[in-house]
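The values are calculated or read from the model by the stated rules, or taken from the named source; none is laboratory data. Since the model is a prediction, treat every value here as computed from it, not as a measurement. Neighbour counts are summed over all protein chains in view; Cβ atoms, including those assigned to glycine, are modelled from backbone coordinates with ideal geometry. Please note that ligands, DNA and RNA were not included when accessible areas were found on the heavy atoms of the full protein model with its side chains. Shrake-Rupley method; radii C 1.70, N 1.55, O 1.52, S 1.80 Å.
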Amino acid sequence: DSLLDLLDSLVQPRPDLPILIVAIARPELLDRRSSWAGGRRNSLSLALEPLAAPDIATLVEHLVEGIAPELVEAVAARADGNPFYAGEIVRALVEQAGGALDPGTAGAALQRLPDTVQATVLARLDLLSSSERRMLQVGSVFGRGFHLTGIVTLEPELGAEADQTLERLLDRDLVRQSGPHEIVFRHILIREVAYGMLPRAERAWLHGAAAAWLAARAGAQHEAYAELIAVHAREAATLATALDLADAAELRRQATERLEAAATAAGGAGANFEALRHLRAAMEFATPDRHLDLYERMGDTLVHGDTSIDALTTALGLARSSGAPPDRVLRILSNILTFHTRWQGSVAGRPSEAELNGLFEEGRALLPVVSDEVTIARFRTAEAFLPFWISAGEREPTAAELAAADASAQEAFTLAARHDETNLQSAALDGMGGNAHQRGDYEKMAATARRRLDFGDRLEIGERIDAASMIAWAGATVGDLRAAAASCESGSRLLQPGQASNWALHLSAWWTLTATLQGEWDEALRVAIRAWRLWLELDKVAAGYATRGFFAAFEVARARRDDPNMTRWRETLVDINSSFRDSHRTEMQNAVVAGDAVRAAELLISADAGVVGYDTSERVMSFISDRGIVLPDTALGTITASTFPNARMLMAQIHRARGLAHQDPVLLRSALDIEAGAGARPAIARLQVELGRLEGDPGLVEAGLLGLRQIGDYEQLDRYQP
């Protein structure tokens, strides 16, 4: 998967560099990545059909000089358009009938050859000497390529004549040399046939030995080899278990350790999804006494909320039943609470307030008997995000709840700093920033995020990307769209393919929304497609935090009358929002996607803008005003009262709605000033048309219509037609 992520990253548009990438794959690729290359500019998918008979004939003539025409025709007919099969037939004929390839002798040999390419390769391998065949068999255990030293280590009897044996295999064109001691099979099918010749019990032993050799060879570079070592250890344990071999228990133990090491390496590189897969594989082989450790690690992997909470809940039950120390019980409980509070956008099963408070009370009861200050800091961090969790429900947090959360965040930060726990310090700062957000202090929210980024490389990639998202969140709320876009762009540069996929999805959502507000609609759709692919790779997780981006992308597609992308974003939003059916935000988004302005207005009036989220309220209000829905003054007053004045993007939409309702140029001018300061081109264009018509200024009207034409907002242009 990391290789596919890398290719996906490389084919992003790079105007400063001419580059051609050719990716060859079997059709099964589309079973794993159904959207591969879909929707990309300058991307072409080719299905390679069988070669025509004349092309096969040309190939055969190149392989054997002076071959008789009737023999060429016979080989082409047998190959059935498969160039590899044609080559193997010719090589088998040369080996069986001699180099001259007399038509009579070769014709008879051709009749004796098997009818499938695999069998033809097997026939060639059967003609090898025992040492040649054994070298290919042992080499096949390593995969497409192998190292001569590894062969000799696994099969010492080959050592005396290893170089000569290799030379003969090179002469027969079964393998090729890619380095002084590194060899690759000429074709993957040769490797598969050689591997198939090994008894399953022998495969188990050889995979285990390969894992041990690679581990010894890795030395200080163990993390670089960790996944490859784990692949061999897992295969050895799987085969040994299926065959009930005597050393199955030991191979299972080794596989558990190797897979855990691979998970550590993947997690350290930010590839959390792959780390989780390694841990799940380790669970298949682990003895019961290891289950608690593995479930806790699976929960800590931070792929998405529901998966992590399920694993941690199992770990919590095991910790309780096994009499684990209070420190460990609280650590697991704290991680569960953190997913509910801090990462709630990835949790579909939201508990009731009473249920969540019950978990917090259990944790507070453990505090007097817990000695580990880092664990206490984790629990206090979870408490710090409680107002953020409350605000996503049906009420706003109280001043007392915010003060208590601030105190918890400060205590968590102090304890984490004492133990030099950088990532935990970042989490505590994020809690402070979240509480600043609840108070409408977006300047402090952004400032705490910048403090987190000051940790630099000491901070894990997920924390860094989350901090960049918080800066974008603040900027998109107060109207500093340039800062929001810059944070998204700089954050995305930190990411390598496959890293921190869920945080990357969150950042992409804010980037899509910001680009939409700016009128950079081509950029918005490019980033949205990237986010959509991330969401697919995350198995369509309940990514409530990503809907703002897909919602904005849907608006752009509808404005441009782009039916395919409208369908894509509608289906994506329906899929994600199905996990958050009780959410007022979900209902509002669904009404907008359905084009029901009246229903959207009803929902907006009945909602608390702070609870729903200012970004969603701003988009919904723009949708309503575009369609001429006039909100009553009482409703607008209620929305204004629930909106912090420095949430300027929403305030601009409130001024616009009031100005349109009362035909008040002063209010429209106020809205235009805010949008102009933010550089929000779609909103600027609308307000220019509306203000220009109200004041009888045709130049202003034309400026607005030109702005809409430039971004391709055909829907709104039609609404402004006389």
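Brief remarks on what is shown
- Among the trypsin sites (Lys or Arg not before Pro) in the stretch 376-442, those located in a DSSP loop and surrounded by at most 14 other Cβ atoms within 10 Å of their own Cβ are Arg395.
- The chain shape via C-alpha gyration tensor axes, a/c threshold 1.5: oblate
- Each label was represented as a point 7 Å from its Cα along the Cα-to-Cβ direction; for Thr58 and Gln177 these points are 3.2 nm apart.
- For the peptides 547-554, 319-326, 273-280, 58-65, residues were scored by their other Cβ atoms within 10 Å and the scores averaged per peptide; the highest-first order is 547-554, 273-280, 58-65, 319-326.
- Signed unit charges on C-beta, dipole axis of the stretch 192-296, positive-most listed residue Pro199, Ala242, Trp213: Pro199
- Charging the Cβ of each Asp and Glu at -1 and of each Lys and Arg at +1, and nothing else, the dipole of the stretch 26-98 about its Cα centre rounds to 680 debye.
- Between Gln410 and Ala354, the C-beta separation translates, for a Förster distance of 30 Å, into a calculated FRET efficiency of about 0.65.
- Ordering of 535-541, 310-316 by packing [mean C-beta count within 10 Å, highest first]: 310-316, 535-541
- The separation of the stretch 380-426 from the stretch 224-269, counted between C-alpha centres, amounts to 40 Å.
- Two-site label geometry, Ser606 and Gln721: point separation in nm, points 7 Å out along Cα→Cβ: 3.5
- Helix 461-478 vs. the chain, principal-axis angle (Cα, 0 to 90°, nearest 10): 30
- In the frame of its principal axes, the stretch 627-722 has Cα extents of 35, 25, 23 Å, reported largest first.
- Value at 222 nm in deg cm²/dmol, rounded to 500, when DSSP H runs of n ≥ 4 in the chain each add -39,500 (n - 2.57): -22500 deg cm²/dmol
- The stretch 512-570, relative contact order [Cα under 8 Å, separation at least 6], %: 36
- Surface composition of the stretch 63-201: carbon and sulfur make up 50 percent of the accessible area, probe 1.4 Å.
- For the stretch 339-484: relative contact order, % (alpha-carbon pairs under 8 angstrom, 6 or more apart): 18
- Nearest-ten-degree value, helix 272-285 long axis tilted from longest Cα axis of the chain: 60
- Each of Ile21 and Glu695 was given a label point 7 Å from its Cα along the Cα-to-Cβ line. The distance between the two points is 4.9 nm.
- Sites Ser129 and Ala216 - FRET efficiency at Förster radius 30 Å, r taken between beta-carbons, to 0.05: 0.55
- Degrees between helix 648-662 axis and first principal axis of the chain (Cα, 0 to 90, nearest 10): 50
- Additional length obtainable on full extension of the chain from Ala47 to Ala486, 0.36 nm per residue less Cα span: 154.0 nm
- For a paramagnetic label modelled on Asp539 (point 7 Å from Cα along Cα→Cβ), amide N atoms under 18 Å away belong, within the stretch 504-520, to 505.
- Extended-chain gain in nm, criterion 0.36 nm per residue less alpha-carbon gap, Arg561 and Leu706: 50.4 nm
- Estimated FRET transfer efficiency (Ala201, Ala119; beta-carbon r; R0 22 Å; 0.05): 0.35
- Ranked packing of 446-456, 254-264, 215-225, 238-248, most packed first, by mean Cβ within 10 Å: 254-264, 446-456, 238-248, 215-225
- Exposure of Arg619 as accessible area (Å², to 10), given a probe of 1.4 Å and all protein chains: 30
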